[in-house]
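Asker: First, the structure itself, so that you have it in front of you.
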Amino acid sequence: MNFQTKFLWIIFLCLSNFSWTAFAQNVDLKNNWNYREEKTQKWFPATVPGEIHTDLLNNKLIPDPFYRDNEKKLLWIERKNWEYKTTFKVAAAMLKKKNTELVFDGLDTYASVYLNNQLVLKADNMFRQWRVDVKKVLKSGDNNLVIVFQSAQNVVDSLAKKDLPFKIPDNSRAYVRKAQYHFGWDWGPKFTTCGIWKTPRLEAYDEKTPEKPYVLNRKIELVQEPDSLGRSFYFKIDGKPVYMKGANYIPSDAFLSRLTKKEYEKVVLSAKDANMNMLRIWGGGIYEDDYFYDLCDKYGINVWQDFMFAGTMVPGDKAFFDNVKEEVQYQVKRLRHHPSIVLWCGNNESDEAFKNWGWMRSMKLSKQDSTRLWHDYVRLFHDSIPKWVKEVDDKRPYLSSSPLHHWSKQKSITEGDSHYWGLWWGLEDIEATQKKTGRFVSEYGMLSMPNYSSIENFTLPEDRHLYSDVINAHQKSGKGFIKLNSYLNRYFIDSTKIKKMNVEDYTYLTQCLQYYSIKNIVGIHRSKAPYNMGTLVWQLNDCWPVASWSITDYDNRQPKAGWYAIREAYRDDKTPEIDLTRPIDLKLEDPKISWQIKGNKVILKAQKQAKYVYISMKGYTGKWSDNYIDLAAGEEKIISFEGKIVNPEIKVFSLYEILGRY
C-alpha cells in the first residue's frame, strides 16, 4: 500500500467514525409491549401504536365494540387505569452520544412514564410531542419502560367536581386535551380510549439537526371585507378568488390505530373523486396524520384546519394555557410545510354555543361566572392562539371560531361562515336554502341511514326492524328518527306508512332524501356565487357504522346516495341542477326496469321514467360507478362495479317499487 493510498484509507476511516458519532440514531420502540389492568396480575400482548380497546379486542377479552349494542356493555373500560410495559436493548454506542431522549408523539392521555423504575414523565395532552432527557437513566443492555394510563373520564370528572360551584359548559371533557369525539357525539360512540397511539422512539445525538427552513410557495388570503350586503368571506389563492366545494372531515375511526395508509387513501380519494377542493378538519377530532395532508397536497385539496376544541368553553388557569401553547406550536410547526393547509381556525362552534345554546340557564351560571368564562375564552382564542400561531407561521390566516353567528341570526346569512342547521335541527324545508344561503356555508347536511350492507353487518336478523334497540344504538342524533321522519313525510311518504316499512326500504328512502337534499342545497349555494363562495357538506366520513350525515359509509368507505349527488353537483363543466319538485308529488308509473350483466358492467333500461334507481349486489361493498340514478323512458345506462365477481346476485329497484309496497 503506497503512502497516498494509506493516507486516503485513514481519512476514510476517520470520516466513517465521524458519521457514526455525529449523526442522530433513532430507535423505534414498538415491539414486545404488554398491557394489564392496573393492580391485576396477568399481562397480555399489546400492539403499539394502539389503544386499550383494540388490545382487549385482539386478545378476545371483549366482543366487537361496533357490533349490535356492545358499545354500552364496554363503558367499564374507560373507568379503569391501564398499564403498558416493554423491555428494549440499548447499545453502548448510543450511550456515547451527548444527548439521548425518549420521544412520544402520541400518548392518550394522562400517562405516567417510568424508565428503569424512575418516573421520567407525566403527560396530559394527547396532541403534544413529549421529549424527555433519559441519558442518565438508560443503561447498556436491557431497559424497562412502563406507562400507566389514568382513566381520562375519571380525571375530568374529578377536575370538574373540584371546580364546583363553578362550571365549564357543557361537559367535563373541556378539561382535557384529548380528542373530544372520544366522549361520544351525535354521530359517534362513547369509547373514551387510552393508549400509545403513535410509535415512541429513542433519539440519540450529539448536535440537534437544524430545522428545515419554512417555505410556503403560494399566497393564501381569507378575504372578509364589508360590502353592500354585509361582509364577504372567501379564499384567495395566489391572488385569485377560489370557490370552495368540499366537506367536513371527522376522524375516520373510533380507534385511531386502525387507520392505515390504504384507509387514508380511500377517504381522501372519496373527496377528490367527488370533485371537492376543500376539507375542513373538524375541531372535535385530531390533528391528522402527515400522510393525510400529503394526500391533500397531492390531490389539490385545500385544508381548513380547526384547532382541537369543539362546543365547550375552556379552563383559564396557567397550566391549561401553557399546555395548549405547546400543543399549538408543535402542531403548526409539524404541519405548516403542507401547502394544502389554507386556514388555522381556533375552534368549532364554541363562540356561537356560549351566546346561543342556553348554557347560562340550563347550567344555572351566575353573571360573574359567565363573565369569567367569556374572558377566558377571549384570552385563548382571540389573544393567545393567534399570537402563538403567528410566532411559527405568519403566512396563513387565522379565524377565532367557526361560525361566529348562530344559524337563527340574520348575520349568519350576510357575514362570516355559516353552519346552517335551520335544515335538520330547525326542521325547515329544504327550499328555505333559497333565501338562507350564507357567504360561506361551512356546515349543513341531511341525515340518512348507513348502507344496508353495513346494517346487516352490525345486526342479527331479529334486530332489523325500525327502532329496535340495536338500530337505535346506531343512531345518536337527538330525536333523530323524529326529525328524519318529518322530512320523509314532507318529501317522500306519508308518515302513517313509515312505521310499516322494513329497515331495508326505510334505509333506501332516507338515502334518497339525502340525495335530494344535497343536490338541491349545493345547486342553490353555487347559484349564489359570488355572494356565496363556499359550500362544505357535513360530513364526508364516519368513524363507525351509524345513521349520520356522512355521504360515505364506514364499511370500506362505500359511497352513500349523498356522495353521488355531491359528485354531480360539484362538477365544474356544467351548472348544477336544481329540481325542487318534491318526490311525494310525482305521479310515478311502473318503470319496468330491465338489466343485464356483461363482465363488470350492468346495463339498465327503463320503459317509463324511473326515479332513484338503486343497484346493489349481495356481499359487495365496493364503489359503483353511479347509483340512485334517474332513467328517462327508453333510456339505457351502464353502471360498473369493481373487480370480477362470479355469479353476482344483483338487486335493482326504484322509488316506484318502494312506495308501492306501503
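Asker: Is it fair to say Thr260 is modelled with pLDDT under 95 and of a type in the set (S, T, N, Q)?
Answerer: Numbers: modelled with pLDDT under 95: no; of a type in the set (S, T, N, Q): yes.
When the stated conditions are applied, Thr260 does not pass them.
Asker: State all residues of region 438-454 that are in contact with a His (Cβ under 9 Å, 6 or more places away or on another chain) and surrounded by fewer than 22 Cβ atoms within 10 Å (Cβ to Cβ); if no residue qualifies, say none.
Answerer: Scanning region 438-454 gives no hits.
Asker: Out of (1) polar (S, T, N, Q); (2) open to solvent by 20 Å² or more (accessible area, probe 1.4 Å); (3) under 26 Å from the mean Cα position of the chain (by Cα), the odd one out for Ser362 is which?
Answerer: Condition (3) is where Ser362 drops out.
Asker: If only one of Arg336, Arg379, Arg372 is more than 16 Å from Ala247 (Cα to Cα) and loosely packed, with under 15 Cβ neighbours inside 10 Å, which one is it?
Answerer: Arg379
Asker: Oh, and also: For residues in region 153-202 being among the basic types (Lys, Arg), surrounded by 15 or more Cβ atoms within 10 Å (Cβ to Cβ) and out of contact with any Pro (no Cβ under 7 Å at 6 or more places or on another chain), which is farthest from Asn347 (Cα to Cα)?
Answerer: Pass one, region 153-202, residues among the basic types (Lys, Arg): 161-162, 167, 173, 177-178, 190, 198, 201.
Filter once more, keeping what is surrounded by 15 or more Cβ atoms within 10 Å (Cβ to Cβ): 167, 173, 177-178, 190, 198, 201.
After this cut, where a residue has to be out of contact with any Pro (no Cβ under 7 Å at 6 or more places or on another chain) as well, the list is 167, 173, 177-178, 190, 201.
On the way: Lys167: 20, Arg173: 15, Arg177: 13, Lys178: 14, Lys190: 21, Arg201: 31 Å.
The residue in question is Arg201.
Asker: Inspect region 357-374 for any residue being under 28 Å from Trp549 (Cβ atoms), modelled with pLDDT of 95 or more and assigned to a helix (DSSP H, G or I) and give the result as yes or no.
Answerer: So far as region 357-374 goes, no, none of its residues is under 28 Å from Trp549 (Cβ atoms), modelled with pLDDT of 95 or more and assigned to a helix (DSSP H, G or I).
Asker: So, of the residues in region 311-333 that are of a type in the set (A, V, I, L, M) and part of a helix (DSSP H, G or I), which turns out to be most open to solvent (accessible area, probe 1.4 Å)?
Answerer: Going through region 311-333, the residues of a type in the set (A, V, I, L, M) turn out to be 313-314, 319, 324, 328, 332.
Next cut, part of a helix (DSSP H, G or I) only: 319, 324, 328, 332.
Working: Ala319: 70, Val324: 0, Val328: 0, Val332: 0 Å².
If we take residues in region 311-333 being of a type in the set (A, V, I, L, M) and part of a helix (DSSP H, G or I), then Ala319 is most open to solvent (accessible area, probe 1.4 Å).
Asker: Could we say that Glu431 is open to solvent by 60 Å² or more (accessible area, probe 1.4 Å), out of contact with any Pro (no Cβ under 7 Å at 6 or more places or on another chain) and not in a loop (DSSP other than H, G, I, E, B) here? Can you show your working first?
Answerer: Working: open to solvent by 60 Å² or more (accessible area, probe 1.4 Å): no; out of contact with any Pro (no Cβ under 7 Å at 6 or more places or on another chain): yes; not in a loop (DSSP other than H, G, I, E, B): yes.
It is false that Glu431 is open to solvent by 60 Å² or more (accessible area, probe 1.4 Å), out of contact with any Pro (no Cβ under 7 Å at 6 or more places or on another chain) and not in a loop (DSSP other than H, G, I, E, B).
Asker: Right, here's the next one. All but one of (1) open to solvent by 20 Å² or more (accessible area, probe 1.4 Å); (2) part of a loop (DSSP other than H, G, I, E, B) hold for Arg131; which doesn't?
Answerer: Failing condition for Arg131: (2).
Asker: For the subset of region 646-655 comprising residues that are open to solvent by 60 Å² or more (accessible area, probe 1.4 Å) and touching a strand residue (DSSP E or B) at 6+ places or on another chain (Cβ under 7 Å), which member is nearest to Trp595 (Cα to Cα)? Spell out the reasoning first.
Answerer: First pass over region 646-655, keeping only residues open to solvent by 60 Å² or more (accessible area, probe 1.4 Å): 646-647, 649, 651.
Cutting the leftovers down to touching a strand residue (DSSP E or B) at 6+ places or on another chain (Cβ under 7 Å) gives us 649, 651.
Working: Glu649: 12, Lys651: 10 Å.
Restricting to residues being open to solvent by 60 Å² or more (accessible area, probe 1.4 Å) and touching a strand residue (DSSP E or B) at 6+ places or on another chain (Cβ under 7 Å), the top hit is Lys651.
One line per residue, one yes/no per condition, for (1) closer than 30 Å to Asn26 by Cα; (2) outside any loop (DSSP other than H, G, I, E, B):
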{"position": "Ala111", "(1), (2)": "yes, yes"}
{"position": "Asp124", "(1), (2)": "yes, yes"}
{"position": "Val137", "(1), (2)": "yes, no"}
{"position": "Asn144", "(1), (2)": "yes, yes"}
{"position": "Ser158", "(1), (2)": "no, yes"}
{"position": "Lys162", "(1), (2)": "no, yes"}
{"position": "Pro165", "(1), (2)": "no, no"}
{"position": "Tyr181", "(1), (2)": "no, yes"}
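The values are calculated or read from the model by the stated rules, or taken from the named source; none is laboratory data. Keep in mind the model is a prediction, meaning the values are calculated, not measured. Glycine also receives a Cβ, built like all others from the backbone with ideal geometry; neighbour counts cover every protein chain displayed. The protein model used for the area step is the full one, side chains on, heavy atoms only, and it has no ligands, DNA or RNA in it. Shrake-Rupley method; radii C 1.70, N 1.55, O 1.52, S 1.80 Å.
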